[in-house]
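The values are calculated or read from the model by the stated rules, or taken from the named source; none is laboratory data. Because the structure is predicted, anything quoted here is derived from the model rather than measured. Positions of Cβ are backbone-derived with ideal geometry, glycine not excepted, and every protein chain shown enters the neighbour counts.
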Amino acid sequence: MTDAIRELREKTSAGIMDCKKALKESGGNIEKAVEILRKKGIKLASEKSSRAAKEGCVESYIHANGKIGVLVEVNCETDFVARNEDFRKFVKELSMQIAAAKPAYIKREDVPPEKLEKEKEILSAPLEGKPKDAAEKILAGKLEKFYEESCLLEQPFIRDPKKKVKDLLHELVAKIGENIVVRRFARFQLGEKT
């Protein structure tokens, strides 16, 4: 049991008691225990999301011989967490994600309604003449792809595409126990028109 707890902790960074409970609940199956802990992390993240996050840090990242630069602000509840190594690593990873994946927004709710309507109009055009149910499903899939490309939290994480950036955020919230918010970012590319 101790080896299983150690392995689960290495995979999830969850606390010992949480790992023990998840292993018990999963009947000793590590993969199921990982799933249980991830779901718990999402639940914890949503419970903590209403708490004020006024501490944190601003991280910069310069890539490609100074041709791409990123500034990102990530907030947490306490200065103690703002100095935490896991928090700092997450913020650094976010800045590299922004440099590589070029998101335009943080989350899907940030997409302006007029931009979303324009995108729906563009994506719907080739679907004319298709049965309504099929067209709606195709449009929903294309909109999900749009969110995945445009919204930082919806993007597949560049280091592990099986996870989305929001999954990393939820895991960190579960591990640290504080609300963490990606507040804003700016990405600059040399020669890019604004």
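Results, tabulated for the structure shown:
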{"item": "Boolean, SER46 is closer than 26 Å to ARG83 by Cβ and modelled with pLDDT of 85 or more", "result": "no"}
{"item": "Which numbered condition PHE188 misses (of (1) at pLDDT below 90; (2) in contact with a Gly (Cβ under 9 Å, 6 or more places away or on another chain))", "result": "(1)"}
{"item": "Evaluation of GLU73 against (1) modelled with pLDDT under 95; (2) under 25 Å from GLU149 (Cβ atoms); (3) of a type outside the set (A, V, I, L, M, F, W, C) (one fails), failing number", "result": "(1)"}
{"item": "Residue match in region 90-102 (condition: polar (S, T, N, Q) and at pLDDT below 95)", "result": "no"}
{"item": "The one condition in (1) of a type outside the set (Ser, Thr, Tyr); (2) within 27 Å of GLY177 (Cα to Cα); (3) buried (at least 16 other Cβ atoms within 10 Å of the Cβ); (4) more than 16 Å from the chain's Cα centre (by Cα) that PHE80 fails to fulfil", "result": "(3)"}
{"item": "Residues of region 166-194 that turn out to be basic (Lys, Arg) and either in contact with a Cys (Cβ under 8 Å, 6 or more places away or on another chain) or in a loop (DSSP other than H, G, I, E, B) (or both), as a count", "result": "1"}
{"item": "Whichever residue in region 174-194 is farther than 30 Å from ALA22 by Cβ and out of contact with any Leu (no Cβ under 9 Å at 6 or more places or on another chain) and, among such residues, is surrounded by the most Cβ atoms within 10 Å (Cβ to Cβ)", "result": "GLN189"}
